[in-house]
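S.K.: Below is one structure. I have some questions about it.
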């Protein structure tokens, strides 16, 4: 270990550093005495430096080149001297473009050294070889500790007026690399002002490379740098290095705080010269390449593939990903013989995967073609095979049969599409219960949310979870997707077009669901068929965890959209590994918490279920159980969970009555009016009644605003004219109206008193007349037609109330969770939206009340009363 002895003033002191219980050799040259005069304390500092040993490694033929130290740049910049220097602006752009190409070429060349770099990272974690480890001078024994903070200190020297920054090279320090204990007599001087970037700042040091042949690492300069914890910027003639602490600190900051590399790089430069008056070291291109390599090596190292006898190249797709240990994995955590279990027990080993698209993680089309360092090894699918499949994929545009208005359904083939984007978003496959991103479970989207992309990524994720390539058996699989009602419809037909090695679902039972929050936006047909609540074996899984991870990764999208395709994959893969790792660490406490909750709620829900069941007869219970059992086996059977659907709607009644009137005309029945038939007259009357209701409800509370008052009066005037036009035809079908008010009583009353508003005018539909007036004062058929319209109206209103209340509950939940307390503007807008939606519910309830009141007049003893109950204030 390096020994520092401080003398001066008759006292001595020791400097403490953080230590780690693992041996590591020192990094300095043979014993040298350096004296630095300090005018303020009049002390002398004596530093005794012990050299760093080195171990076996590769021999680099290029390492024999002599460093002249005249160029302060790395090896790849030497090639730039051959690039034609253009003086024009276009020429400058061409030079920059060529420079980037050379950088990417250097990254590609690095792949040949990847194996040895990974071996050095593994070696750095160990104590090194025992025969060359640093020893204690008193007991001649190998040390069991190493200092993590040694070297890299920032120095200041007194110049007679103030302390000024000085470098380690300025005081004559030389760092001996790649040599065991003792002096190396055949060392070779490294480049002048060798640059080392550390968390403490930028340092210029003098380095000596071992050339005596005794270095176990050979003459390879990169290996000698890696042995001391310095990561070389290039593989040939490096002139810049980054300490492991520098790279690891950024790695932690970006994974935790989503810090981008440029801000970190500039912040470290400012630690050296915050004012910026001195010429700053420019190593942005180098650090960009090194960080990519660092991410890649860390992922391979942590997955254990550095110990693979076949080497890194033998890494299989998805093998570096952190997998969910709680999900079923054949051959790992499933009992022997699980494949032969009956269907009543197989649900215990069912895997539920959730799919969803995120359109925040876009990529600009900038023409970058950077190399993939480990395509398909983590969470993104293998890019080569993925693009080959998309190139031959057929157009799978399908007609939506869902009643929802979700963007994911309506814009499945267009969302996010733009000419300036090469990637519009990603499709992700995750564990629905524990929210782990599955290996090979991420794929880029090029145009909306096309099913060909989704199919390939889903199958890739399931394939990567297998232990062997020939393994066919997988647990029962449940798919959760917000548009599964459309996606799953022709899923197995599309599988016929998939490559043969992707067809892995033969004979595997599958089921599909829609996440619990998303299903509220679907139509009634989806609420039972695709609901988690009515599916056996899924417990209380809601599958909305798939949205949680998007909030975590979405913050990275601002920086990744500017990157090259491969660099973007590397960054996103890195963040997903961290997400999965944190999930893995917290999984124990998470499962214990939910187990305690499940045990508590099991007892409570059992009591509630038994109490509710006791209110029905045993015959009814048995009938329902039989319906549920049949429906579980065959979804074409009657759905026991479906709400009763209205059999007649306003539009259907209107069409049916129009068809009946055509038949009546063919049989020679006369038409009383040449423009309006009886059904059209009644329908227009109901539409006028609806407009009156809207004015009554929406017109409240606006009298203080002159503009709103004027708008309201204009609507009233228009409605009055329409009522007058409709009432002019009314005596034809309802002669009794003439005896009630006279021929023009309605128009005269509207013009005589300005206090009578349009919404207060009586329409005198048959349901508003007394029984005697209906019998003698209305034409044949008008009462029956209003009755049919009213039945459709009350059914429509009740279903609308159910639908609107579900949406309203979702709006309130969104407001409380996402918007409340986020600012006055957002709160005001949300409250206005909720108020407007509540007004729509109030209007629908009023329509239900009026329709039911009319039915009580037209058919007071009908069977409809058992279904359409009175809507009380507490029911809303």
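The values are calculated or read from the model by the stated rules, or taken from the named source; none is laboratory data. If you're wondering where the values come from, they're calculated on a predicted model, not measured in any experiment. Note: ideal-geometry Cβ built from the backbone for every residue, glycine included; neighbour counts use all protein chains shown.
S.K.: Residues 320, 324: which one is in contact with a strand residue (DSSP E or B) (Cβ under 6 Å, 6 or more places away or on another chain), within 20 Å of residue 578 (Cβ to Cβ), part of a loop (DSSP other than H, G, I, E, B) and at pLDDT 90 or above?
M.R.: When all the criteria are applied, what remains is 324.
S.K.: Something else now. Test each condition in (1) more than 47 Å from the chain's Cα centre (by Cα); (2) assigned to a loop (DSSP other than H, G, I, E, B); (3) outside the structural domain of residue 726 (by TED's automatic domain parsing) for residue 673 and report the one that comes out false.
M.R.: If we test residue 673 against (1) more than 47 Å from the chain's Cα centre (by Cα); (2) assigned to a loop (DSSP other than H, G, I, E, B); (3) outside the structural domain of residue 726 (by TED's automatic domain parsing), just (3) comes out false.
S.K.: Just give me the residues in region 342-354 being surrounded by fewer than 15 Cβ atoms within 10 Å (Cβ to Cβ) and either in a loop (DSSP other than H, G, I, E, B) or not assigned by TED's automatic domain parsing to the domain that holds residue 459 (or both), in sequence order.
M.R.: Of everything in region 342-354, just one residue is surrounded by fewer than 15 Cβ atoms within 10 Å (Cβ to Cβ) and either in a loop (DSSP other than H, G, I, E, B) or not assigned by TED's automatic domain parsing to the domain that holds residue 459 (or both), namely 342.
S.K.: Right, another one. For region 327-341, how many residues meet the condition of being in a loop (DSSP other than H, G, I, E, B) and touching a residue at least 60 places away in the same chain (Cβ under 8 Å)?
M.R.: Summing the residues that are in a loop (DSSP other than H, G, I, E, B) and touching a residue at least 60 places away in the same chain (Cβ under 8 Å) in region 327-341 gives 7.
S.K.: Taking the criterion of being outside any helix (DSSP H, G or I) and at pLDDT 90 or above, would at least one residue in region 567-578 satisfy it?
M.R.: No: region 567-578 contains no residue that is outside any helix (DSSP H, G or I) and at pLDDT 90 or above.
S.K.: Check 336, 381 and return the single one that is at pLDDT 85 or above, touching a strand residue (DSSP E or B) at 6+ places or on another chain (Cβ under 7 Å), more than 20 Å from residue 552 (Cα to Cα) and assigned by TED's automatic domain parsing to the domain that holds residue 571.
M.R.: That would be 381, the only listed residue that is at pLDDT 85 or above, touching a strand residue (DSSP E or B) at 6+ places or on another chain (Cβ under 7 Å), more than 20 Å from residue 552 (Cα to Cα) and assigned by TED's automatic domain parsing to the domain that holds residue 571.
S.K.: Please determine whether any residue of region 132-144 is surrounded by 13 or more Cβ atoms within 10 Å (Cβ to Cβ) and either more than 30 Å from residue 249 (Cβ to Cβ) or at pLDDT 70 or above (or both).
M.R.: yes
S.K.: Against the conditions (1) modelled with pLDDT of 75 or more; (2) assigned to a helix (DSSP H, G or I); (3) within 19 Å of residue 777 (Cα to Cα), where does residue 746 fall short? Just the number, please.
M.R.: (1)
S.K.: Exactly one of these conditions fails for residue 272: (1) free of Cβ contacts under 8 Å to residues at least 60 places away in the same chain; (2) over 30 Å from residue 577 (Cβ atoms). Give me its number.
M.R.: All conditions are met except number (1).
S.K.: Does region 613-658 hold any residues that are surrounded by fewer than 11 Cβ atoms within 10 Å (Cβ to Cβ), closer than 30 Å to residue 674 by Cα and modelled with pLDDT of 80 or more, and which are they?
M.R.: Across region 613-658, there are no qualifying residues.
S.K.: For region 155-192, how many residues meet the condition of being surrounded by fewer than 14 Cβ atoms within 10 Å (Cβ to Cβ) and under 49 Å from the mean Cα position of the chain (by Cα)?
M.R.: Looking only at that region, the number is 2.
S.K.: Within region 507-522, can one find any residue that is within 17 Å of residue 443 (Cβ to Cβ) and assigned to a helix (DSSP H, G or I)?
M.R.: No, region 507-522 contains no residue that is within 17 Å of residue 443 (Cβ to Cβ) and assigned to a helix (DSSP H, G or I).
S.K.: Going through 756, 737 one at a time, which residue ends up being surrounded by 17 or more Cβ atoms within 10 Å (Cβ to Cβ) and at pLDDT below 85?
M.R.: 737
S.K.: So, one more: Looking at this structure, is residue 599 within 15 Å of residue 433 (Cα to Cα), part of a helix (DSSP H, G or I) and without any contact (Cβ under 8 Å) to a residue 40 or more places away in the chain?
M.R.: So residue 599 does not fit the description; no.
S.K.: I've got another one for you. Do you know which of the residues in region 503-519 that are crowded, with 16+ Cβ neighbours inside 10 Å and under 25 Å from the mean Cα position of the chain (by Cα) is nearest to residue 340 (Cα to Cα)?
M.R.: Selected residue: 511.
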